[in-house]
Amino acid sequence: MDSKEFRKQAHQMVDWMADYFENITKYPVKSTVKPQEVLQQLPDKAPQEGESMDKIFNDFLNIILPGMTHWQHPNFLAYFPANTSYASILGEMITATLGAQCMIWDTSPAAAELEQRVTEWLRDAMQLPEYFSGVIQDTASTATLTALITAREKFSNFQINEHGLRNDLLRVYCSEEAHSSVEKAVKIMGLGRQSLVKIKTDSHLAMSAESLQLALEEDLKKGYKPFCVVAAIGTTGTTAVDPLQKIAKLCQSHNIWLHVDAAYAGPLLLLPEFQWMIEGINQVDSLVFNAHKWLFTNFDCSIYFVKDKDSLIKSFEILPEYLKTNSRGKVNDYRDWGVPLGRRFRALKLWFVLRNYGIKGIQQKLREHNRLAGIFAEWIKEAPNFEILAPVNMNLVCFRYFDIALSEEAVNEVNKQLMNKLNQSGEVYLTHTKIGNKIALRACFGQTYLEKKHVEFCWKSIQSWVQKTKIEQH
Ligand SMILES: Cc1ncc(COP(=O)(O)O)c(C=O)c1O
């Protein structure tokens, strides 16, 4: 392909992208393909001869697109969103065009300095402490692994990096509702799953600080070595918020690293009315949130803040001859701030988003999402046979259909059926969680271009599928 052909193709594809967003509600939100259906349409050998972009794009439309779930569809209420925006897409297009590998300052000074600046912008706009240094990671899972490794190294005076683990009796704490990435991190680190203590939650499904205190005291008596607590601001199941101030006090008194997983709810710190979530932040060692969930920046873009940047760098740096530069020590070489060496230029799309929306524009969107979720929650509360199962703190509503004539197991079954049918219909996509022994349906209203008409459509669709499911039950 030459630049003339590239220009022609790119124009056509950008037109397609704009049409895609304009017509997105015409697609079934969740792909309806069967397992292997896409695979069977793909030749089992790579082509020997080059093919035209027209043919390739045609196959994209006919084979790939039907196998895609439309994460930007306004009726995508599943999991947490991974939202994007026009500004973000433009940034990503330029990142792909530059194709820069931004591992160290020298390999693209502007990428490193823009990363520093946009993370500082966010830190200040979110009213996080000035001593936090920011770095963009691929995902919150990587950031949490990074936090745990740094905490471990600081605790061991950087000896585990030298000599490896030696039955150190190290322990990490999080709530029963914490994201699985914490468990994954302790497995990857070689600490073993047994080193993770899951603390009970209170009636709001937030970590019980009292239970944490008891667990820490008992473990210390038994000779264990608590070195890190992971608190959640916005759990995956229900967006519960752990009591940071109480947890922070405990961590401070036992000299334990406190990492905050705000992967989803972090952007809400841009709203003054959500600052209560980080009371106690001065005792926090690190915090992660995903711009790629609810900050209109396409996957991947996870923002990791750390108080003690020197310990972070000391834990991860490694300096082979081929990576030595004259600028070392005077600039941020972000390869030393996490696991991978190679790094994408993620700061560009974030910069586009922050500038194009402005903090005020983002605040407006976040508030609108919370408002729309509140409206949906009211409809649920008013509807006979529906109930809310967890506090609606932000834009996630956990609810279920119930029928007093049915047993708890039967109600769970109906809700599962309802969810499967809704998802198969292509009208709405919901996922579930379990609250106690109840199946809860989760509806998360965080799509970039979400409007009230979409929320109304979702509610009507849910109601009509309830009717159909009830009829089939009888
Ligand atoms: C609270 C929480 N933490 C961590 C994660 C993991 O995020 P990532 O996919 O960026 O690793 C998620 C994902 O949904 C999450 O909800």
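Bear in mind that the values in this text are calculations on the coordinates, not laboratory data. Everything numeric in this text was worked out from a predicted model, so none of it was measured. Glycine gets a Cβ as well: all are built from the backbone with ideal geometry, and neighbour counts include every protein chain shown.
What is the set of long-range amide H partners of residue 225 at a cut-off below 5 Å, with H atoms built 1.01 Å from backbone N?
For residue 225, the qualifying residues are 170, 171.
Convert each backbone phi in region 427-436 into a coupling constant with the Karplus relation 6.51 cos²θ - 1.76 cosθ + 1.60 (shift: θ = phi - 60°), then list the ³J(HN,Hα) values in order as whole Hz, x for Gly and Pro.
Values per residue, Gly and Pro as x: 7, 9, 10, 10, 10, 10, 9, 10, 10, x Hz.
If you keep only loop residues by DSSP, which trypsin sites (Lys or Arg not before Pro) in region 160-212 have at most 11 other Cβ atoms within 10 Å of their Cβ?
Counting only loop positions with at most 11 other Cβ atoms within 10 Å, the trypsin sites (Lys or Arg not before Pro) in region 160-212 are 166.
So if I place +1 on the C-beta of Lys and Arg and -1 on the C-beta of Asp and Glu, and nothing else carries charge, what would the dipole magnitude of the chain be about its Cα centre? I want it in debye, nearest 20.
Dipole of the chain, to the nearest 20 debye: 240 debye.
Can you tell me the order of 287-296, 123-132 when each peptide is scored by its average per-residue count of other Cβ atoms within 10 angstrom, highest first?
Going by the mean number of other Cβ atoms within 10 Å, highest first, we get 287-296, 123-132.
Label region 16-165 by shape, choosing from rounded, prolate and oblate, from the square roots a ≥ b ≥ c of the eigenvalues of the Cα gyration tensor; if a/c is under 1.5 it is rounded, and otherwise prolate applies when a/b is larger than b/c, oblate when it is not.
Prolate, because a/c is 1.5 or more and a/b exceeds b/c.
Which residues' amide hydrogens lie under 5 Å from the amide hydrogen of residue 197, considering only partners 5 or more residues apart or on another chain, with H built in the peptide plane?
HN-HN under 5 Å from residue 197: 172, 173, 174.
Quick check: from the Cα gyration tensor, does the chain come out rounded (a/c under 1.5), prolate or oblate?
oblate
If Lys and Arg each add +1 and Asp and Glu each add -1, what is the summed charge of the other residues whose beta carbon sits under 11 Å from the beta carbon of residue 168?
After counting each charged neighbour, the total is +4.
Can you list residues whose amide H is under 5 Å from residue 440's amide H, if they're 5+ apart or on another chain and H is modeled 1.01 Å from N?
Amide H neighbours of residue 440: 433, 434, 435.
Read phi for every residue in region 292-298 and hand back ³J(HN,Hα) as whole Hz from Karplus 6.51 cos²θ - 1.76 cosθ + 1.60, θ = phi - 60°, with x for Gly and Pro.
My calculation for region 292-298 gives 7, 9, 9, 10, 6, 10, 5 Hz in order.
How big is the antiparallel share of DSSP beta bridges in the chain, given as a percent to the nearest 5?
The antiparallel proportion sits near 55 percent.
Anything over 20 Å Cα to Cα? Flag those among 246/360; 365/434; 381/452, in the order listed.
Long pairs (Cα-Cα over 20 Å): 246/360; 365/434.
Based on the alpha-carbon gyration tensor of region 100-344 and its eigenvalue square roots a ≥ b ≥ c, which shape applies: rounded if a/c is under 1.5, prolate if not and a/b is larger than b/c, or oblate?
It is oblate, given that a/c is not under 1.5 and a/b is not larger than b/c.
Take each of the peptides 78-87, 48-57, 327-336, average the number of other beta-carbon atoms within 10 Å over its residues, and list them starting from the highest.
Ranked from most to least packed, the peptides come out as 78-87, 327-336, 48-57.
Using θ = phi - 60° and the Karplus relation 6.51 cos²θ - 1.76 cosθ + 1.60, list the HN-Hα couplings for region 72-77 in order, rounded to whole Hz, with x at every Gly or Pro.
Each residue of region 72-77 in turn: 9, 5, x, 8, 7, 10 Hz.
Per DSSP helix of 4 or more residues, -39500 (n - 2.57); summed, then divided by the residues of the chain. What does that give at 222 nm, rounded to the nearest 500?
Dividing the helical sum by the residues of the chain leaves -13500 deg cm²/dmol.
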